[in-house]
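Visitor: Handing you this structure, nothing more for now.
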Amino acid sequence: MESEKRFKGSIGTEYALFEKSYPHFRELQDGVADEISKYTIGRKNVRVLEIGCGPGPTSDRILAKNVGVTLTAIDNEQVMINQARDHLKDYGERVELFERDALDFLKETSDSSFDIVVSAWTLHNFDQDYRKNILREIIRVLKSSGVFVNADKYAQDDEKKHFEDFNWSIKQFIECMGEVGYPKICYEWILHMVLDESKNSLMKEKDSLVQLLELGFLNPRIIWRKRMEAMIIAQKRGMGD
Ligand SMILES: C[S@@+](CC[C@H](N)C(=O)[O-])C[C@H]1O[C@@H](n2cnc3c(N)ncnc32)[C@H](O)[C@@H]1O
């Protein structure tokens with residue numbers, strides 16, 4: 001089972017415009033890296049898997065702020081992996097990049113391979129079945145007491161708030177792309193945002209926490225939110241849990 005490729009067009013080649021449109025883009029990336037730091041401080045050879053690295057903004061922050069980390073990052077779009085290769089070249093052997101479908105990669109990975117699995121702005125692109133399979137594989141490939149961090153679009157259960165933030169996001173795209181010479185890319189992002197709302201892919205906050213619990217994760221919780229985006233953390237059970 002493979003997921004649909006949603007970044008093969010100009011929103012992939014011009015991904016930097018997304019960064020410019022979102023005032024909290026950098027805060028989210030730094031937040032992921034800082035959260036990971038809580039589990040890596042003073043440790044060496046911490047193995048981290050990143051799902052959907054895109055051109056490498058999350059990977060870059062993780063590697064810069066966590067010197068003990070070696071990162072395996074995967075993405076199924078060639079255009080993204082090529083940008084990531086260039087962006088992350090100074091980290092040398094601390095980073096390994098693979099152009100692969102996330103689920104295929106996970107299925108080929110042995111049990112208990114990674115200390116941390118991380119993702120940003122990727123899992124919401126998946127349909128519900130594919131995402132459930134991904135989460136099932138994530139807990140399998142995590143080591144005992146391993147940590148899962150996902151910063152992503154998590155729809156708030158309060159629909160009014162959700163749609164206020166949806167409108168705010170659309171306005172960011174219009175102001176930062178549509179009105180400054182990129183109307184076609186602006187249109188593609190708006191279409192992408194509308195499709196994210198479909199029942200088959202919308203990732204709701206409460207349902208996601210329940211799902212993680214049902215899959216066996218310990219204490220899944222939201223640790224940050226801004227507008228459409230939230231960061232979830234959960235842990236695999238360890239010996240004493
Ligand atoms: C919105 S980008 C996020 C990039 C980066 N993590 C960030 O926060 O900006 C989502 C990335 O996930 C990748 N992706 C989507 N579905 C995938 C899949 N099934 N397997 C691997 N990568 C996937 C896309 O190609 C895209 O580069």
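The values are calculated or read from the model by the stated rules, or taken from the named source; none is laboratory data. Keep in mind that what you see is a predicted model, and the values were worked out from it rather than measured. Note that each Cβ is placed from the backbone with ideal geometry, even for glycine, and that neighbours are counted across all protein chains shown. Surface areas here come from the heavy atoms of the whole protein model, side chains and all, with no ligands, DNA or RNA. Shrake-Rupley method; radii C 1.70, N 1.55, O 1.52, S 1.80 Å.
Visitor: Using 10 Å bins from zero, what percent of all Cα-Cα pairs in the range 25-97 falls into each bin?
Guide: P(r) for the range 25-97, in whole percents per bin: 22, 56, 22, 1.
Visitor: Tell me the net charge near SER144. Cut-off is 13 Å between Cβ atoms, SER144 excluded, with +1 for each Lys or Arg and -1 for each Asp or Glu. It would help to have the intermediate numbers written out before the result.
Guide: Details: positive: ARG140, LYS143, LYS236, ARG237; negative: ASP111, ASP115, ASP241.
Its environment carries a net charge of +1.
Visitor: If Lys and Arg each add +1 and Asp and Glu each add -1, what is the summed charge of the other residues whose beta carbon sits under 14 Å from the beta carbon of ILE222? Spell out each step's value before the answer.
Guide: Numbers: positive: LYS153, LYS161, LYS204, LYS206, ARG221, ARG225, LYS226, ARG227; negative: GLU35, ASP152, ASP157, ASP158, GLU205, ASP207, GLU229.
Result for the local shell: +1.
Visitor: Let me ask you something else. Roughly how many percent of the accessible protein surface of the chain is carbon and sulfur, given a 1.4 Å probe and a whole-percent answer? It would help to have the intermediate numbers written out before the result.
Guide: Details: 5720 of 11430 Å².
Heavy-atom surface of the chain belonging to carbon and sulfur, 1.4 Å probe: 50 percent.
Visitor: Computed over the Cα atoms, what is the radius of gyration of the range 123-241 divided by 2.2 N^0.38 Å, N being its residue count? Could you put the intermediate results ahead of the total?
Guide: Working: Rg = 16.4 Å, N = 119, 2.2 N^0.38 = 13.5 Å.
Ratio of Cα Rg to 2.2 N^0.38 Å: 1.22.
Visitor: About the Cα centre of the range 143-241, how large is the charge dipole given +1 on each Lys and Arg Cβ and -1 on each Asp and Glu Cβ? Please answer in debye to the nearest 20.
Guide: Working: 15 positive and 16 negative charges, 76 e Å.
In total the dipole reaches around 360 debye.
Visitor: A further question follows. Provide the per-residue ³J(HN,Hα) series for the range 149-162, in order, calculated from phi with Karplus coefficients 6.51, -1.76, 1.60 and θ = phi - 60°, each as a whole number of Hz, with x at glycine and proline positions.
Guide: Here the 3J(HN,Hα) series is 10, 10, 10, 6, 7, 10, 5, 5, 6, 6, 4, 4, 5, 4 Hz.
Visitor: Something else about it: Determine the sum of side-chain charges near GLY9: Lys and Arg each +1, Asp and Glu each -1, restricted to other residues whose C-beta is under 12 angstrom from that of GLY9. Don't skip to the end; give the middle numbers.
Guide: Numbers: positive: LYS5, ARG6, LYS8, LYS184; negative: GLU14, GLU77, GLU188.
Net charge in that neighbourhood comes out at +1.
Visitor: Bin width 10 Å, origin at 0, all Cα-Cα pairs of the range 174-241: what percent of pairs per bin?
Guide: All Cα pairs, binned at 10 Å, distribute as 17, 32, 26, 16, 7, 2 percent.
Visitor: Given H placed 1.01 Å from N in the peptide plane, which residues other than close sequence neighbours of GLU197 have an amide H under 5 Å from its amide H?
Guide: Amide H neighbours of GLU197: none.
Visitor: Something else now. What is the list of residues in the range 44-71 whose amide nitrogen lies under 17 Å from a point 7 angstrom out from the Cα of SER110, following Cα to Cβ?
Guide: Answer for this model: 46-49.
Visitor: Right, another one. Please compare each pair in LYS20/LYS199; LYS5/LYS44; LYS89/LYS161; LYS132/LYS161; LYS20/LYS143; LYS171/LYS236 to a cut-off of 31 Å on the Cα-Cα distance and tell me which ones are over it. The partial results should precede the final answer.
Guide: On the way: LYS20/LYS199 28 Å; LYS5/LYS44 35 Å; LYS89/LYS161 41 Å; LYS132/LYS161 26 Å; LYS20/LYS143 36 Å; LYS171/LYS236 39 Å.
Listed pairs above 31 Å: LYS5/LYS44; LYS89/LYS161; LYS20/LYS143; LYS171/LYS236.
Visitor: Additional query: Heavy-atom accessible area per residue, the chain, 1.4 Å probe: how many Å²? Working shown, then result.
Guide: Numbers: 11430 Å² over 241 residues.
Accessible surface, normalised per residue, equals 47 Å².
Visitor: For the range 1-139, what's the relative contact order in percent, using C-alpha pairs closer than 8 Å and at least 6 residues apart?
Guide: On the way: 204 pairs, mean separation 38.7, N = 139.
Relative contact order, the range 1-139: 28 percent.
Visitor: Next question, about the same structure. Quick check on the range 10-235: what are the equivalent-ellipsoid semi-axes from the Cα gyration tensor, as sqrt(5λ), descending, whole Å?
Guide: Ellipsoid half-lengths, sorted descending, are 27, 21, 16 Å.
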